[in-house]
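First comes the structure, then the notes that go with it.
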Amino acid sequence: MTYTLAEEDYLKAIYKIAERHGTPVSTSAIAELMQTRPASVTDMLKKLADKELIDYKRYHGVSLTRTGARQATLLIRKHRLWECFLVDKLGFSWDEVHEIAEQLEHIQSDTLIDRLDDYLENPKFDPHGDPIPDASGAYRMRYQILLSDLGLHQPAVLVGVREHASSFLQYLDQNRLALGATLEVIEVLPYDGSVRLRLGDGEPILISGQVARQLYVRQTTESA
């Protein structure tokens with residue numbers, strides 16, 4: 001069965017909200033993410049329920065069926081592979097690729113996506129550090145924590161970001177906060193939770209607590 005672009009966008013939105021906040025997913029949360037009216041969301045949810053892509057009961061939220069989850073996972077796979085292609089092969093920066101990948105993810109050819117995956121040598125994570133599902137929908141998981149939860153003087157590597165807005169990614173670039181950067185928290189200011197970091201051997205930088213809550217790190221060896 002084929003689905004419209006709008007139906008696919010809604011499935012992916014429900015998947016992402018459920019991934020972060022659990023199920024059932026509220027109509028208002030979908031409306032906020034999709035930037036549309038709750039009434040429009042309700043109309044679409046009825047269509048998705050008729051196609052057995054979601055379980056939906058008005059006023060009780062929504063959850064993806066097995067078929068719906070499978071379709072959403074494949075969309076995410078395509079989106080993240082295209083982001084890898086745009087960054088690794090065409091030289092786009094990580095703050096430029098999201099909207100382009102939003103368009104490319106709706107290409108229907110499974111053969112094309114499988115060949116793209118092989119061409120890219122089967123990457124496990126996209127340019128923002130998000131895991132890429134394989135053709136069966138399985139993810140490679142890794143241990144990671146938010147930078148805001150990292151203890152003082154614990155060496156770590158920046159491995160992912162929660163926020164994908166272009167302005168946020170540009171801010172990270174300006175502060176040398178790229179994936180793979182080694183870092184250490186040397187101070188947390190009690191007034192507002194701002195975090196003073198040392199990046200590699202460079203001079204310390206100060207970021208807000210809000211920024212620290214948008215960055216994923218993997219702790220490396222314990223400091224001496």
- prompt: Does at least one position in region 202-222 carry a residue that is modelled with pLDDT under 95, over 21 Å from the mean Cα position of the chain (by Cα), polar (S, T, N, Q) and farther than 22 Å from His98 by Cα?
  reply: yes
field: Flag for Asp126 being modelled with pLDDT of 95 or more, touching a Cys at 6+ places or on another chain (Cβ under 6 Å) and not hydrophobic (A, V, I, L, M, F, W, C)
entry: yes
task: Looking only at region 162-193, count how many residues are surrounded by 15 or more Cβ atoms within 10 Å (Cβ to Cβ) and in contact with a helix residue (DSSP H, G or I) (Cβ under 6 Å, 6 or more places away or on another chain).
output: 1
field: region 119-146 - residue that is among the aliphatic types (A, V, I, L, M) and more than 16 Å from the chain's Cα centre (by Cα) and, of those, nearest to Trp82 (Cα to Cα)
entry: Leu120
Those residues of region 44-94 which are small (Gly, Ala, Ser) and within 17 Å of Tyr3 (Cβ to Cβ), in sequence order: Ala49, Gly68, Ala69, Ala72
task: Give, as residue ranges, the strands (runs of 3 or more DSSP E) completely inside region 156-224 that count at least 1 residues that are closer than 23 Å to Lys124 by Cβ.
output: 156-161, 182-188, 215-219
Pairs with Cβ under 7 Å, 6+ apart, first in region 81-110 and over 26 Å from Gln174 (Cα atoms), second among the aliphatic types (A, V, I, L, M) and surrounded by fewer than 16 Cβ atoms within 10 Å (Cβ to Cβ): His106/Leu5
- prompt: Within region 1-32, which residues are outside any helix (DSSP H, G or I) and under 17 Å from the mean Cα position of the chain (by Cα)?
  reply: Gly22
- prompt: Which condition number does Tyr143 fail, the rest of (1) over 21 Å from Arg66 (Cα atoms); (2) modelled with pLDDT of 95 or more being met?
  reply: (2)
From Ser148, Ser208, Ser194, Ser136, residue being among the small types (Gly, Ala, Ser) and in contact with a Lys or Arg (Cβ under 6 Å, 6 or more places away or on another chain): Ser148
task: Those residues that are over 13 Å from Leu74 (Cα atoms) and among the acidic types (Asp, Glu), I need them from region 103-138; list them, please.
output: Asp118, Glu121, Asp126, Asp130
- prompt: Among the residues of region 178-185, is any within 29 Å of Phe92 (Cβ to Cβ), in contact with a Ser or Thr (Cβ under 6 Å, 6 or more places away or on another chain) and at pLDDT 95 or above?
  reply: no
- prompt: Would it be correct to say that Gly193 is touching a residue at least 24 places away in the same chain (Cβ under 8 Å), farther than 29 Å from Val97 by Cβ and small (Gly, Ala, Ser)?
  reply: yes
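The values are calculated or read from the model by the stated rules, or taken from the named source; none is laboratory data. On a predicted model such as this, the values are computed, not experimentally measured, just so you know. Using ideal geometry, Cβ is built from the backbone for each residue, glycine included, and neighbour counts are taken over all protein chains shown.
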